[in-house]
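Data block below; observations after.
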Amino acid sequence: GAAVPFYGTHQAGIVTPAQDRLHFVAFDVITDKRDELIALLQKWTAAAARMTAGKDAGSIGAVNGVAEAAPDDTGEALGLPPSGLTLTIGFGPTLFRTAEGKDRFGIAGKRPDALADLPKFAKDALKPEISGGDICVQACAHDPQVAVHAVRNLARIGFGVVSVRWSQLGFGRTSSTSRNQQTARNLFGFKDGTANLKAEDTALLDEHLWARAGDGADWMAGGSYMVTRKIRMVIETWDRTSLGEQEAIIGRNKGEGAPLSGAKEFDEPVFSTNGSDGRPLIPANSHVRLAHPEMNDGARLLRRGYNFVDGSDGLGRLDAGLFFIAYQRDPRKQFVPIQTRLSRQDALNEYIRHVSSGLFACPAGISGTEDYWGRALF
Ligand code: HEM
């Protein structure tokens, strides 16, 4: 139930040990006025600092104001602890320049090269109405009510300046981001997050996670780029697939999560080991083989995704899958090449479909009360 510090060098919610619940929201900015956007970002930052500390969104609170006015907090988190709430903001390509080419806020020149639109990948089935967005906020907490409360209050405060484009609830983190966490399982039943970048790997984080001043956009130093992909899983087909086939598709065993070349979860996969049939123990088209840094010029990601079940789809199937979130220093060198390879060759593709996509620049952390989300941009 404890609070995660809001202020710091980096934004919370990236290497913070992944909480249990997610409410992710993408907003469109509906004003063209730069000062209105800045004023909102300042109000949001103050509300985020309060809510992550377990307080009401506004200084008056849900029930202490005058009877004639709408409260400055919606009230559903009254009495709940901070629950590890983190709020992480990101800025999408369209904030810098709209799809029509308009530089609404005078920041087009600040768009980082690394925030290059993602290419279309093989088999993409993206729905525009649940993709993209000018600004995103990733709310993570151990209590879903606390995460939802935070997103709801940010949307409320943003009335007239932003509108919610899409949002996604998630449960059951599918990645560990710290060595102190047990590896959780995704909806295919496999441990997910074993070979993830972890908070303790500080040298690797400097190399693969945090953007640097020399990278091209100085205002992003200490920040990171976020890619989101809503990936529908064809659960029912997967559930009729044999255990051996499932393990061959992932390249790890289901119980222990060990690579098929080893015995223990954290054994390094050895792709050159062949079985008695002369074929590699870890199949060449398996997910971990194709996603592994060895296949991708050393590229790594910090994955921080969640399971989702949005009810069922009217055809008797669960509308379920993985809301994939990955942080990195430069998507052009990390997510894009990895997903290019996966989208063409991954044996998993028969069982998954990418239905939404997002790309956001998440700046460094907030230094103190005088600082605000996005200050370096304006
Ligand atoms: C590893 C599942 C999508 C990148 C894994 C592992 C599982 C898994 C079970 C092995 C355990 C681990 O190391 O975490 C899935 C499922 C997906 C999916 C079910 C879709 C529904 C993706 C996507 C990417 C990706 C879209 C990136 C483009 C990786 C990477 C690894 C990994 C980099 C670690 C590989 C290694 O170094 O061994 N995934 N994954 N995954 N996945 Fe995925």
Fill in the blank from the handout: Between G305 and residues 5 or more places away or on another chain, the pairs with built amide H atoms under 5 Å apart involve T174, S175, I325
Fill in the blank from the handout: Per its Cα gyration tensor (rounded if a/c is under 1.5, else prolate when a/b beats b/c, else oblate), the range 200-362 is best filed as oblate
Problem - Backbone HN-Hα couplings from phi across the range 266-276 [Karplus 6.51/-1.76/1.60, Hz, Gly and Pro as x] - result: 9, 4, 5, x, 10, 7, 8, 6, 9, x, 5
Exercise for the section: State to the nearest 20 debye the size of the charge dipole of the range 9-65 about its Cα centre, where the only charges are +1 on K and R beta carbons and -1 on D and E beta carbons. Expected result: 180
Problem - Order of M226, M295, M233 under a 10 Å beta carbon neighbour criterion, fewest first - result: M295, M233, M226
Exercise for the section: Calculate the spin-label point distance for V234 paired with D310, positioning each point 7 Å from the Cα along the beta-carbon direction, and give it in nanometres. Expected result: 1.9
Completion exercise
Shape call for the range 155-206, from the Cα gyration tensor axes a ≥ b ≥ c (a/c under 1.5 means rounded, otherwise prolate when a/b beats b/c, else oblate), comes out oblate
Exercise for the section: Enter the Cα centre distance for the pair the range 109-166 and the range 261-307, rounded to the nearest angstrom. Expected result: 31
Handout entry: Proximal lysines to K264, defined as alpha-carbon separation beneath 29 angstrom and excluding residues fewer than eight positions away on the same chain
Key = K191, K198, K254
Completion exercise
Partner lysines whose C-alpha sits under 22 Å from that of K120, ignoring same-chain residues fewer than 8 away, are K230, K333
Fill in the blank from the handout: Along the range 350-358, Karplus-curve 3J(HN,Hα) (6.51, -1.76, 1.60; θ = phi - 60°) to the nearest Hz, with x for Gly and Pro, reads 5, 10, 9, 8, 7, 10, 8, 9, x
Exercise for the section: At 0.36 nm per residue, minus the direct Cα-Cα distance, what do S59 and A284 gain on full extension? Give it in nm, one decimal, please. Expected result: 75.3 nm
Exercise for the section: Measure off 7 Å from each Cα along the Cα-to-Cβ vector at S272 and L80, then give the distance between these two points in nanometres to one decimal. Expected result: 5.2
Handout entry: Pairwise centroid distance, computed over Cα atoms, of the range 234-260 with the range 23-94, Å
Key = 42
Exercise for the section: Taking H placed 1.01 Å from N in the peptide plane, check which residues at least 5 places from R104 or on another chain put their amide H under 5 Å from its amide H. Expected result: T98
Completion exercise
To the nearest 10 degrees, the tilt of helix 335-345 (Cα long axis) against the first principal axis of the alpha carbons of the chain is 40
Handout entry: Distance (nanometres) between label positions extended 7 Å along Cα→Cβ at D371 and E245
Key = 5.2
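How big is the dipole moment of the range 200-362 about its Cα centre under a simple scheme where the beta carbon of each Lys and Arg is +1, that of each Asp and Glu is -1, and everything else is neutral? Debye, nearest 20, please.
Working: 20 positive and 23 negative charges, 87 e Å.
It comes to approximately 420 debye.
So how strong a dipole does the chain carry about its Cα centre when Lys and Arg Cβ are +1 and Asp and Glu Cβ are -1, to the nearest 20 debye? Please report the intermediate quantities before stating the final value.
Values: 43 positive and 44 negative charges, 87 e Å.
The calculated dipole for the chain is roughly 420 debye.
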Practice task
Mind sorting W166, W44 by how few other Cβ atoms lie within 10 Å of their own Cβ, fewest first?
Solution key: W166, W44
Exercise for the section: Kindly express, to the nearest 10 degrees and within the range 0 to 90, the angle between helix 34-52's C-alpha long axis and the longest C-alpha principal axis of the chain. Expected result: 70
Practice task
Can you spot the lysines whose alpha carbon is less than 25 Å from K33's alpha carbon? Ignore those fewer than 8 places along the same chain.
Solution key: K43, K102, K110
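Which FRET efficiency value, to the nearest 0.05, is calculated for V164 and D35 with the Förster distance at 30 angstrom and r the Cβ-Cβ distance? Numbers along the way, then the final one.
Numbers: r = 22 Å, r/R0 = 0.74.
Efficiency for this residue pair is about 0.85.
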Completion exercise
Projecting the Cα atoms of N64, N196, A299 onto the charge dipole of the chain, where Lys and Arg contribute +1 and Asp and Glu -1 at Cβ, the residue farthest towards the positive end is A299
Fill in the blank from the handout: Taking placed amide H atoms and a strict 5 Å upper bound, the residues 5 or more places from W166 or on another chain that come that close are A26
Exercise for the section: Any chance you could give the angle, 0 to 90 degrees and rounded to 10, that helix 144-157 forms with the longest Cα principal axis of the chain? Expected result: 40
Practice task
Work out from phi, with θ = phi - 60° and the Karplus expression 6.51 cos²θ - 1.76 cosθ + 1.60, the ³J(HN,Hα) of each residue of the range 296-308, listed in order in whole Hz, and give x for Gly and Pro.
Solution key: 10, 6, x, 5, 9, 10, 9, 8, 8, x, 9, 6, 9
Problem - P(r) weight above 37 Å for the chain, C-alpha pairs, percent - result: 20
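Readers should treat all values here as calculations from the given coordinates under stated rules, not as data from a laboratory. What you see is a predicted model; the values in this text were computed from it and never measured. Every residue, glycine as well, gets a Cβ built from its backbone with ideal geometry; the counts of neighbours run over all protein chains shown.
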